[in-house]
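Everything below concerns the one structure shown next.
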Amino acid sequence: MANVAGTSMIDDVFPATLDKVLKLMIKRPKNSRSKREKEEEEEILVTEIEVERDVFAKFDVFVNDEDEAMSGPDKTEFAGSFVHMPHKHNHGKKIKTNLRLGITELLEGLGAEDDERVLVTLVPRNGCNSVTIGGIKIELHD
């Protein structure tokens, strides 16, 4: 996949407040995997997140979605969503968590199995001024 306008390389942006759409080219650990390798190890997109405990926050994650229009979960490129429900105790404290999404089948469906890098797009939906993205990576997990 060619570099898409408006994308950043991974080292340039973290930590990043998710106050606007964030597009990044993420290197895959291994491309062109065999069917057996895919069955043995799932490709996992890992997003490090810090969010204020008492805020409702939601964002969607897309892979290789080059459209500028607002996309939804009905698109092939949709990988998943992060939703944080507010907890009213411990006001003002932040929590750290990870969003882990299996993307092996998604990459196959998009014909991106041989791509060395994939475009990951985070689309803020609600309360994302309180969300900080600490990093994004792709791992293999058995």
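Bear in mind these aren't lab numbers, they're just calculated from the coordinates by the rules spelled out. Since the model is a prediction, treat every value here as computed from it, not as a measurement. Cβ sites come from the backbone with ideal geometry, for glycine too, and all protein chains shown count toward neighbours.
Checking the cross-link filter: which lysines have an alpha carbon closer than 24 Å to that of Lys75, excluding same-chain neighbours under 8 positions apart?
Cross-link targets: Lys20, Lys23, Lys27, Lys38, Lys58, Lys137.
Report, largest value first, the span of the C-alpha coordinates of region 102-142 along each principal axis, in whole Å.
Principal-axis extents of region 102-142 (Cα, largest first): 35, 21, 17 Å.
Go through Thr104, His87, Gly135 and say which Cα lies farthest out towards the positive end of the charge dipole of region 66-142; charges sit on Cβ, +1 for Lys and Arg, -1 for Asp and Glu.
Toward the positive end, the furthest listed residue is His87.
When the dipole is taken about the Cα centre of the chain, and only Lys, Arg (+1) and Asp, Glu (-1) are charged at their Cβ, what size is it in debye, to the nearest 20?
Charge dipole of the chain: 700 debye, to the nearest 20.
Extension gain Lys20-Glu116, at 0.36 nm per residue separation less the Cα-Cα distance, in nm?
Fully extending the segment from Lys20 to Glu116 adds 32.0 nm.
Add +1 for every Lys or Arg and -1 for every Asp or Glu among the other residues with Cβ under 13 Å from the Cβ of Lys35, and state the total.
Spelling it out: positives minus negatives among the neighbours equals -4.
Return a whole-number percent for the relative contact order of region 26-142, with Cα pairs under 8 Å and 6 or more residues apart as the contact set.
51 percent
Which ³J(HN,Hα) values in Hz, rounded to whole numbers, follow from the phi angles of region 42-57 under the Karplus curve 6.51 cos²θ - 1.76 cosθ + 1.60, where θ = phi - 60° and Gly and Pro get x?
Karplus-based 3J(HN,Hα) across region 42-57 equals 7, 7, 10, 8, 10, 10, 7, 10, 10, 9, 5, 4, 9, 10, 6, 9 Hz.
Can you give the Rg/Rh ratio of the chain, where Rg is from the C-alpha atoms and Rh is the Kirkwood radius?
0.98
Treating each Cα of region 67-142 as an identical point scatterer and ignoring solvent, apply the Debye formula and state log10 I(q)/I(0) at q = 0.19, 0.27 Å⁻¹.
-1.01, -1.61
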